[in-house]
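Values in this text are rule-based calculations from the coordinates and carry no lab data. Keep in mind that this is a model prediction, so the values were computed, not measured. Here the Cβ positions follow ideal geometry from the backbone for every residue, glycine too, while neighbour counts run over all protein chains shown.
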Amino acid sequence: MLRLDGLSVGYGGPLALQDLSLEVRDGELVSLIGANGAGKSTTLKAISGLLKPQAGRITWGGEAIGGLSPRAVIARGIAHCPEGRRVFPQLSVRENLEMGALLRRDHGGIAADLAAMCDRFPRLRERLSQAAGTLSGGEQQMLAIARALMSRPRLVMFDEPSLGLAPSLVEQVFAIVREIRAKGTTVLMVEQNAMAALQMADRAYLLEAGQLVQAGTGAELLASPEVRAAYLGG
Amino acid sequence: MSNAPWAFVAALAAVPVLVPNPYVLAVLTLAGIFVIGAISLNLLLGYTGQLSLGHGAFFGLGAYASALTSLGFDIGIGFGLRLRVDPQPVWLGFLMAILVACAFGWMLGRLAFRVRGAYFVIITICFAQVLRMVALNWVELTQGPMALISIPPVSLWLPGLGVVPLVTKAQTYWLVLAVGVLAFLLVRQLVESRIGRALIALRSNEALARSVGIPVTHYLVVAAVVSAGIAGAAGSLFAHYMGIVDPDVFMFIYTVTMVIMVVTGGKGTLWGPVVGGLIFGLIPDLLRGRAAPELQWVIYGVAMILFVMFLPRGIVPGVQSLLRRRA
């Protein structure tokens, strides 16, 4: 349902992403792996509309969405959970969650989803009126995930969901990602932890220096000698 | 806490009765006009995080628009055509000041918010300087350096009295106070709305704000228009209070003064520009006659540095966190 055909994206200098083609089918969990600067985050930003493609097509359910505004992309059911600072620190936890539902107008549905998020992440319920900047790193990541789900996406894109988290939390975050997919939401995930990313993924793509070098099922990439040598420590 | 702001307003409103000293009222009135300017700048600088160093331009535009509407003008606009406006009532000038400032705020916002950071700052500075040049050189309209003079005072329709010009210091003071309260309430309303949350969100993380679907440029332009409109209203009050407007209203120092007020008071807080505006609006007059002229600005500068050093987030947030630690 999501297809990239010959996608090239740049930041004004050399291309950060060159001629990338990939697809994410309904209900799949697809991982993008690769080293720093391989173009993984750039791919997600191009899909979500934060970056304009210089060449190539992005289609979603048959509709070309390359170059649309982020707002228009979310309205079509694609949520992006960016890397780095993941929440709005000065806004309360509740306001952060409501930001995820910015484009929805079904107030009853929003309230129900907010309650559901609090059931799923009890830590958030305890801190609903607290500024999000006061949460721990793990709690902020839970909040970011919950916020992305608040738009009721059909596809969620996670950018480095485990980055900077303690090992016990990493396991928890991956469990949540698996759970989201099990509930029927399609997932496209960028992850440096190649081992975990490949074990979870139905299919995966390996990027290097802005180009696609290998594609296959998670198991195939796990077994590939190149992947093992470069990313899994032999 | 909820009654404290109204007690503060009531206390300010009582000043002309308790201290019927024209000098005191004149000083407070002028400080009040700058507080309104600071409130408007805070909406941009404090809540969107965009530093506009051309903000004084909206103040100046308001002053000129209001003065010209109430004085009338007759200018050639090319092709042998003339544009003539007869002197209009002052309230219409006040409205024109807001409208013209809003229109320019929209234009500047649409242009300048394509860029961020230093580029945005430079565009806003240029904007103010271009307007200063226009005011200096379009003599037929603005009288250039000869200034617009004999600007009538604000007149107000009051029940039972009809239209009365506000000529006494106390009347002007109350008018400025009323406009100030309205400006404060307008900004509060905006900041506590959806738009305000969106502004705070984009200030802290613009990429994330865009990725959740906030139309960032749209909201920035909205903030710029409202901010410009309030600054225009302040400029109009300034023109009718002083009775004279010259191109110096576009000078950089006015913008810088407003920035100082917002930053020392606490940018991004509702009360910051009020507190900072009152302190730095009153310091020059409090020092006058008490310290040598050369020393006055030294004290002003030292006070500013001390505030920034010891209360880096501003007076209001600093005092708030002190009180919280006590409690």
From the list B:196, B:180, B:213, which one is in contact with a Ser or Thr (Cβ under 9 Å, 6 or more places away or on another chain) and either assigned to a helix (DSSP H, G or I) or at the interface with chain A (Cβ under 8 Å from one of its Cβ atoms) (or both)? B:213
Considering only segment A:52-64, how many residues are in contact with a Leu (Cβ under 9 Å, 6 or more places away or on another chain) and either within 14 Å of chain B (Cβ to nearest Cβ) or farther than 16 Å from residue A:154 by Cβ (or both)? 5
Does residue B:201 meet the test of being more than 18 Å from residue B:114 (Cα to Cα), within 14 Å of chain A (Cβ to nearest Cβ) and more than 23 Å from the chain's Cα centre (by Cα)? yes
If I filter segment A:84-95 down to residues being in contact with a Ser or Thr (Cβ under 6 Å, 6 or more places away or on another chain) and either among the aliphatic types (A, V, I, L, M) or surrounded by fewer than 24 Cβ atoms within 10 Å (Cβ to Cβ) (or both), which single residue comes out as nearest to residue A:41 (Cα to Cα)? A:89
All conditions in (1) surrounded by fewer than 18 Cβ atoms within 10 Å (Cβ to Cβ); (2) within 14 Å of chain B (Cβ to nearest Cβ); (3) touching an Asp or Glu at 6+ places or on another chain (Cβ under 9 Å) are true of residue A:120 except (2)
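Conditions (1) within 21 Å of the chain's Cα centre (by Cα); (2) among the aliphatic types (A, V, I, L, M), marked per residue:
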| residue | (1), (2) |
| --- | --- |
| A:69 | yes, no |
| A:99 | yes, yes |
| A:112 | no, yes |
| A:132 | yes, yes |
Does segment B:150-165 contain any residue that is assigned to a helix (DSSP H, G or I) and over 17 Å from the mean Cα position of the chain (by Cα)? no
Out of (1) buried (at least 24 other Cβ atoms within 10 Å of the Cβ); (2) in contact (Cβ under 8 Å) with a residue 24 or more places away in the chain, what's the single condition that is false for residue B:211? (2)
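Residues A:189, A:142: which one is among the aliphatic types (A, V, I, L, M), in a helix (DSSP H, G or I) and either surrounded by fewer than 19 Cβ atoms within 10 Å (Cβ to Cβ) or in contact with a Phe, Trp or Tyr (Cβ under 8 Å, 6 or more places away or on another chain) (or both)?
Values: A:189 fails: in a helix (DSSP H, G or I).
Exactly one residue qualifies, and that residue is A:142.
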Tell me which of these residue A:104 doesn't satisfy, since it passes every other one: (1) under 22 Å from the mean Cα position of the chain (by Cα); (2) away from every other protein chain (no Cβ under 13 Å); (3) not polar (S, T, N, Q). (2)
One residue is enough: does segment A:50-59 have a residue meeting the conditions under 30 Å from residue B:197 (Cα atoms), touching an Asp or Glu at 6+ places or on another chain (Cβ under 8 Å) and touching a residue at least 24 places away in the same chain (Cβ under 8 Å)? no
